[in-house]
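Beneath this line is the structure, given in structure tokens, with notes to follow.
Only the coordinates and a few stated rules stand behind these numbers; no lab work does. Just so it is clear, the model here is predicted, and its values are computed rather than measured. Backbone-built Cβ (ideal geometry, glycine too); neighbour counts: all protein chains shown.
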Amino acid sequence: MRNRLLAYLFFAVVLSPTSLALGQQKLLTIDDIFDPTKRVNFSGTVPNIRWLKDGTHYLLSNDASKKDLPRLQRVDAVTGEAVPFLDAAKMEAAFAAIPGISAKDAKQIANRGSYQMNNAETAALINFANDLYYYKFGSDKALRVTNNPNDEEVGETFSPDDRMIGFVRLNDMFVFDLGRGTERRLTTGGGPKILNGRLDWVHQEELYGRGNFEAYWWSPDSKMLAYLRLDENPVHEFAVVDHIPYHQTIEETPYPQAGDPNPLVQLGVVNADGGATRWVDNSKYTPADLLIVRVSWSPDSSRVVYQAQNREQTFLDLNFADPGTGKVNTGFRETSKTWVEAIDNPSWLKDGSFLWQSTRNGWRHLYHYDRDGKLLRQVTDGKWEVRSIDSVDEAKGVIYFSGTEHSHVAPQTYRIKLDGTGLQRLTTTEGSHKATFGAGSRLFIDNWSDVNSPTQTRLYDADGKLVRVIEENKVEALKQYKLGTAELLQVKTRDGFPMEAMMIKPPDFDPTKKYPVLEFTYSGPHAPQVRNGWGSTTYMWHQLMAQHGYIIWICDNRTGSGKGAESEWPVYQNFGELELRDLEDGLAWLKSEPYVDGERIGMWGWSYGGYMTSYALTHSQSFKMGIAGGTVADWRDYDSIYTERYMRTPQNNPEGYKKSSPVTAAKDLHGKLLLIHGAIDDNVHLQNTVQFVYELQKAGKQFQLMVYPKSRHGVTDPLLVKHMRQMMTDFIKENL
């Protein structure tokens, strides 16, 4: 990392002065970016691709508007030769023959852009109208797996041998045997408060992935399923009210707020052909203090491999359980001076050893362990991060991964030998790369972009040699608009931490003038916003604001920088204070520039960024205005697993929660504030903004508030998005 200030050209178009004068004169409008009928496609086309299992062909999903092309095509990766992946007409006829499925529905089912396929890629599992269907590609018949339209089936999966289908109905687990055509119930006792094999809200949101319902895992030999039993009886319910229907709709969801009881979790194993559950022995943990954050199997199906933590996540155990007896051995325990965050399951190798990702030395790196959890060696090291394991070629002894060794603001693709030698960067173009490897690690598809360039897609061989350009994605529309110059910078905090920053200057920038500044922030732990990659609609809106005469400023505070776990740790038990200090250090540098009007600085952000904006306007006088969306106004209001990781519980850190809250400092509001919230936000509840509003009102502080009906944590309805961005634009112009 260089210590001096770095400045790079961030948005430069190589055109002659004449062509600039003739071509790039259009100014952006809200309609250009957000109107659902008039908006311009500034991001172009990114092919929807997934590798097929042979590692030499991929599945291409064409846009439904391209009527002249099959919806799905099988493409030879090297030559680009494409053929239809399936006979859509035959599939349509098969579904049309099923009672209850209309011709229109059958057509829609047969022309989807993706399917949940079996492991052999010969059949699909389709969830339609609360029932499951199985279709073998090319066949004349489709099989109705379930016939319970009033009872939703979720979390449907194929067994590894493709002979069975697992799913959850009414919070109990079932298996359908495709050969026999019979259904088996594997668990009992499921209900509104007992979830067998299904995740609750907080486990989805914070541990296993949003929208991921299944909390069960097939053994590789397809004989057993490990599953979580979640008891939500101790969890307080939270009501979310939709005011739009004539008779209000009320959603009551168990939602554990910080310090409140979590769901009680058990890990069990049941045979796929039925029988009693064997419970894994977690008696060494206190039930109310136990989180099970990852579950998988060893490749030989002899052990359930799971990760367990205490609720404040100060340690993480990698455990091995005998599926027959439930007896547990702990391979090792991860600890740190603050918290340990779950990253991924072990990546198993053919010899029974595994690769493990850990931040134990302050940076996320790869470690090689034997089958029982004994450390063999650290594979990667340095003041940079591994972001993901992308592929392993065991024949060559090589790991392919994404990392930040070259740039903290633009991940690249690397390879390294299993013994930790031979680190090599395979992608050499400046900008952000995301590689997806085919089976066998012979080829990878690279999605690349930089701040100038919407995502381009290319095929490379395992040595990083270009094989074929799949989609160059030249977006001609961008050449028509008069866009601002932008720069990537590094600015230091008062104690020397190098913060990454981005500045977009107005297109008619005059260094002799003084410009107001609009700062965008998120600031949450390990969530950088400065990136040498395409920024899509928010970037274009920032360009629109630059055209209105504002300098756009994005500066990643240290705890949000993504520069290793060691940069996050200082935020422990004290949200807000250090983040604001770093942001103000960035502003101090900015104000030293002669073209910056230091009296006219505004900030905006969403979620943690909404929190940070609310916190800044109640704990600082640096900002003339702020727009806070989806604000966490009091961290006691947010969910237990996320909040307690960084703040501990309110019982153990009452002063930290009080200091971190904009609510407790509402009387100190300085500057014009616009609060925005989704009316049915089930993540950061509207409660947060209402509590903040109440304290602002009691303190006699004026502000503006906009609530978006039918919107959750993000406003997604295109008409409401357009309304919101116009409102934000107007608010900034009026107050900055």
Query raised in the report: What is the packing order of peptides 464-470, 124-130, taking the mean over residues of other C-beta atoms within 10 Å and listing the highest first?
Result: 124-130, 464-470
Query raised in the report: For the cross-link pairs Lys26/Lys479; Lys337/Lys563; Lys66/Lys479; Lys505/Lys563; Lys90/Lys136, which exceed 20 Å when the distance is taken from alpha carbon to alpha carbon?
Result: Lys66/Lys479; Lys505/Lys563
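Calculate the dipole size of region 249-362 relative to its Cα centre from +1 charges on Lys and Arg beta carbons and -1 charges on Asp and Glu beta carbons; express the result in debye to the nearest 20.
That gives a dipole near 420 debye.
So between Phe509 and Ala129, what do we pick up on full extension, going 0.36 nm a residue minus the alpha carbon distance?
Residue separation times 0.36 nm, minus the Cα-Cα distance, leaves 131.2 nm.
On a full-extension model of 0.36 nm per residue, what is the gain between Lys591 and Asn150, subtracting their alpha-carbon distance, rounded to one decimal in nm?
Taking Lys591 through Asn150 to full extension adds about 152.6 nm, to one decimal.
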Query raised in the report: Normalised by the residues of region 92-192, what does the relative contact order come to in percent, with Cα pairs under 8 Å and at least six apart?
Result: 16 percent
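Explain nothing, just the number: dipole magnitude of region 570-662 about its Cα centre with +1 on each Lys and Arg Cβ and -1 on each Asp and Glu Cβ, in debye rounded to the nearest 20.
Working: 9 positive and 13 negative charges, 32 e Å.
Using Cβ point charges on Lys, Arg, Asp and Glu, region 570-662 gives about 160 debye.
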Query raised in the report: Out of Leu230, Ile552, Leu720, whose Cα points farthest toward the positive end of the dipole of the chain (charges: +1 Lys, Arg; -1 Asp, Glu; placed on Cβ)?
Result: Ile552
Report summary line: Residue separation between Arg210 and Phe315 times 0.36 nm, minus their alpha-carbon distance, gives in nm 35.4 nm
Report task. Evaluate the distance, in nm, between pseudo-label points positioned 7 Å from the Cα of Asp87 and of Gln702 along their respective Cα→Cβ axes. Result -> 7.2 nm
Query raised in the report: Between (1) 70, 31, 25; (2) 41, 32, 29; (3) 65, 32, 18, which matches semi-axes √(5λ) of the Cα gyration tensor in Å calculated for the structure shown?
Result: (2)
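Which order do peptides 644-654, 505-515 fall in by mean Cβ count within 10 Å, highest first?
644-654, 505-515
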Report summary line: Cβ density ranking, 10 Å radius, fewest first, applied to Ile343, Ile732, Ile244 yields Ile244, Ile343, Ile732
**Report entry** For region 270-372, alpha-carbon Rg relative to the globular expectation (2.2 N^0.38 Å, N residues)
**Finding:** 1.12
Query raised in the report: What is the dipole size for region 49-170, taken about its Cα centre, with +1 at each Lys and Arg Cβ and -1 at each Asp and Glu Cβ, in debye to the nearest 20?
Result: 220 debye
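Which value at 222 nm does the chain reach when only helices count, each DSSP H run of 4 or more adding -39,500 (n - 2.57), with the total divided by all residues and rounded to the nearest 500 deg cm²/dmol?
Helices in the chain give a 222 nm mean residue ellipticity of -4500 deg cm²/dmol.
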Query - Proximal aspartates and glutamates relative to Lys327, as straight alpha-carbon distance under 19 Å, when same-chain residues fewer than 8 apart are discounted - result: Asp281, Asp300, Asp317, Asp372
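Mean separation of Cα pairs under 8 Å and 6+ residues apart, divided by the residue count of the chain: what relative contact order is that in percent?
So the answer I get is 11 percent.
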Query raised in the report: Tell me, what is the FRET efficiency for Lys26 and Thr538 to the nearest 0.05, using R0 = 22 angstrom and their Cβ-Cβ distance as r?
Result: 0.65
Report task. Beta carbons within 10 angstrom, averaged per residue: use that to sort the peptides 713-726, 425-438, highest first. Result -> 425-438, 713-726
